[in-house]
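What follows is a short report on a single structure.
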Amino acid sequence: MSFAVEAKEVVKVFGAIHALDGLTFNVKRGEIFGLIGPNGAGKTTALRIVSTLLLPTSGTVKVFNLDVVHDADEVRKIITYLPEEAGAYRNLSGWEYLQFMANFNTKNKSEVQEIVREAAEITGLGERLRDKTKTYSKGMKRRLLVARALMTKPKLTALDEPTSGLDVLHAYHVREIIKRYVKEHNVTVLLSSHNMLEVEHLCDRVALLNKGKIVAEGKPKELKEKYESANLEEVFAKVVGLA
Amino acid sequence: MLDLLKGFGNFLLKELKELIRDPKILLAMVIVPLIMFPILGAILNFSMQAAQETATKITVLIINRDGGENSTRFMEYLKASMKVFTVNVSKIEDAVPLLTEYNATEIIEIPETFSQCLAAEENVTIRVYSVFSGAGLFEGAGSSILDGLVEQFNRELAPNLVISAKSAIIKGQIVENVDSRMLGSLMLSQAITMPITIMILLSYSMQIAATSVAMEKEEKTLETLLTLPMDRFAILMGKLSGSIIVAAIGAVAYMAGFNYYMSSFMSTISIGANVDLVSLGLAPSLFGYLLLGLSLFVTLLSALALAVIISAFAEDVRGAQAIVGNIYPLIFIPSLLLMYLDVNALPIALRIFIYAIPFSHPIIAAKAVTMGDNLTAALGVVYVAAFTIIIMYVASRLFATEKILTAKLRFKGLRRRKRVTTEELQ
């Protein structure tokens, strides 16, 4: 069986900056895979390439055997992407926003209603979905956007820092949504985070990124054992030679 | 009071640093006006001088049916201030084709009884035919100068002895008892309304389009949008159509208000005769209206596509608005210029410049179709359509690639200099 995501020797150059420097990793179908590392490690660039937003300078990325450069239109049909600090349309209500997004996936009205109803349940926002999104708190907005990314049951969803900036309760709620949805609908998740403790509890496997390269990869438990560390933060520090 | 303003100085300093250090704001607020207004002033001054000079150097064809001493004296009087050619035709209609040959704008017909009446100190009426070309504010300048000369001539004899009866020549046809100067006043509202409407419509819609793209970037909704299973060209067309619709609603509201404003003082202008512009052929034909609509549409589309491209280089709404502001001179210059002047009265270099700006064409088309010159309007549509296709292609390429996310305006020189300064400080 092929992988959900296969990235081979991916290089991305912005002017003089090498954002990715020969990145290689595979994501298995139905797993939650985390790209973790400090700010500027190349996590967002990697997710943007997988999501067809950026073109790799060299190397290849395949999503369910579809090339993200040559088959970009096909890739977009089976993935969803949640950018870091993404916003919703300020003057649409949460409900309207979900409806607008669902309309891209199906023209069948009852299917749209079904998708939106399910998304509404995921958000847990209740009646507040009738309000304009500009009245939402950061946590509420993030819950809406995570629901948007999952509601169409994509084959792969790329989530960039899904809980960044959220308080403990909102972050917990978002993590629970992701875990539950993957289990129930066999969605593959590729997420990025600089919160290594959070990733440890959420991801089946992780890849540690530093300066555009993977410096370690495996299950959180295996990595901790291999590097004799109490948590992934310690693993990272040891791998990059800080400890 | 001092307590209330505590921290004001510190805060103001921060505000100024933030605003002045933004190169886009510096460019739009300081550099562009410093360059634009002197250029605009020079162009207007030059063009108005040129137009006034042309207007004062009028050429007149005279049909002298009298041949007496007084008519010769009258002609000599006119010759002192303008170019005069005597033509011998039996009917006034035969003199009309000669206007082009002599590059003249007025025909004066002196009646047989001229010398006799003046000798007897009786009133005599000369007939004055002025060409009406819909050229702008200086239309009818020749007719005014003639009035002045007739008045001066009268002063030497007796008041109101020579009376001039005015008629207009519109599109080569004589329209009796219609003063072309009055027609000019009547059409002035049209001459002002059209450029102002286009100016407002284009700048509003460009602002809307630029803001809507920048909002998507600022709110980080663009990234999500670009990963959806939809055609990216559809995103571009959606942006353009949305902006056109909102701008059109704005333009209708604006026009309604402006029309009311214009009619409030236009109603006080006396037309002299009961003039119906449609029957005079001074209203566009159905085809002319279609051409004008098409010209407006393609121009609007090109302006919006340009705004979308430009705003792609901004990171936020403020930046997009500042960058789009740099295009405004290209809208304002032709609008202001063509409000007062006929494009054909401009010097050749300026004429080419005005024709090259796509935003001039609806204004040129509006005047052209009113005068029945559909070819000029059609050629304008073809030119703007070609420009629009190129711009739309660039915009669609921009949306099809990662450039829409990664493009940024870079001020390399400024940055390099700043870095050097920082290094020196260190």
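Using 0.36 nm per residue of separation minus the Cα-Cα distance, give me the extension gain between A:K132 and A:Y172 in nm, one decimal.
Residue separation times 0.36 nm, minus the Cα-Cα distance, leaves 12.0 nm.
Compute the FRET efficiency between B:N326 and B:I245 as 1/(1 + (r/R0)^6), taking r as their Cβ-Cβ distance and R0 = 30 Å, and round to the nearest 0.05.
0.75
For the protein assembly as shown, how big is Rg over Rh, using alpha carbon atoms and the Kirkwood form of Rh?
With Rh from the inverse mean 1/r over Cα pairs, Rg/Rh is 1.18.
Taking the number of other C-beta atoms within 10 Å as the exposure measure, put B:M339, B:M194 in order starting with the fewest.
Final ranking by Cβ density, sparse to dense: B:M339, B:M194.
Give me the extension gain from B:T113 to B:N160: residue separation times 0.36 nm, minus the current Cα-Cα distance, reported in nm with one decimal.
Value of the extension gain: 15.3 nm.
Using DSSP to define loop residues, name the GluC sites (Glu not before Pro) in region A:179-230 whose beta-carbon has at most 13 other beta-carbon atoms within 10 Å.
Within region A:179-230, the qualifying GluC sites (Glu not before Pro) (loop, at most 13 other Cβ atoms within 10 Å) are A:E228.
Sort out for me the Cα centre separation of region B:77-98 from region A:208-243, rounded to whole Å.
Centre-to-centre distance over Cα atoms comes out at 100 Å.
Among the lysines, select those whose C-alpha is under 20 Å from the C-alpha of B:K171, and discard any that sit fewer than 8 residues away in the same chain.
Those lysines meeting the cut-off are B:K91, B:K367.
Which of the residue pairs A:K132/B:K17; A:K62/A:K219; B:K14/B:K239 have a Cα-Cα distance greater than 32 Å in the structure shown?
A:K132/B:K17; B:K14/B:K239
Need one number: nm distance between label points at A:E114 and B:K403, each 7 Å from Cα along Cα→Cβ, rounded to one decimal.
Placing both labels 7 Å along Cα→Cβ, they lie 4.2 nm apart.
What does the charge count near A:L191 come to, summing +1 for each Lys or Arg and -1 for each Asp or Glu among other residues with Cβ under 12 Å from its Cβ?
With Lys, Arg at +1 and Asp, Glu at -1, the neighbours total -2.
Give me the number: length gained by fully extending B:I348 to B:E121, i.e. 0.36 nm times residue separation minus the C-alpha to C-alpha distance, one decimal in nm.
76.8 nm
Return the long-range amide H neighbours of B:T221 (sequence gap of 5 or more, or a different chain), with a cut-off of under 5 Å between placed amide H atoms.
So B:T221 has HN proximity to A:G87.
Taking other Cβ within 10 Å of each residue's Cβ, how do B:D66, B:D342, B:D147 sort, fewest first?
B:D147, B:D342, B:D66
Apply 1/(1 + (r/R0)^6) to the Cβ-Cβ distance of A:L55 and B:K79, taking R0 = 56 Å, and write down the FRET efficiency to the nearest 0.05.
Result of the calculation: an efficiency of 0.15.
Express in whole angstrom the spacing between the alpha-carbon centres of region B:293-334 and region B:361-404.
Here the two parts' Cα centres lie 13 Å apart.
What's the local net charge at A:K28, with K and R +1, D and E -1, over the other residues with C-beta under 9 Å away?
Counting the neighbours of A:K28, the net charge comes to 0.
Would you calculate, for chain A, the mean residue ellipticity at 222 nm contributed by helices, counting each DSSP H stretch of 4 or more residues as -39,500 (n - 2.57) and dividing by all residues, to the nearest 500?
-11500 deg cm²/dmol
May I ask for the net charge around A:K153, where only other residues with Cβ less than 10 Å from the Cβ of A:K153 are counted and Lys, Arg are +1 while Asp, Glu are -1?
The answer is -1.
Restricting attention to the alpha-carbon atoms of region A:136-241, what are Rg (one decimal) and Dmax (integer), both in Å?
Reported Rg and Dmax, both Å: 14.6, 44.
At R0 = 60 Å, how high is the FRET efficiency between B:Y393 and A:K183 if r is their beta carbon distance? Nearest 0.05 is fine.
Computed FRET efficiency for B:Y393 and A:K183 comes out at 0.80.
How far is the Cα center of region B:146-162 from the Cα center of region B:166-241, in Å?
Centre-to-centre distance over Cα atoms comes out at 48 Å.
Per residue Cα convex hull volume for region A:5-239, in cubic angstrom?
It comes to 122 Å³ per residue, whole-number rounded.
Computed from the coordinates by the stated procedures, all read-outs in this text should not be read as laboratory data. These figures come from a predicted structure and were not determined experimentally. A quick note on method: Cβ atoms are made from the backbone with ideal geometry, for glycine too, and the neighbour counts reach across all protein chains shown.
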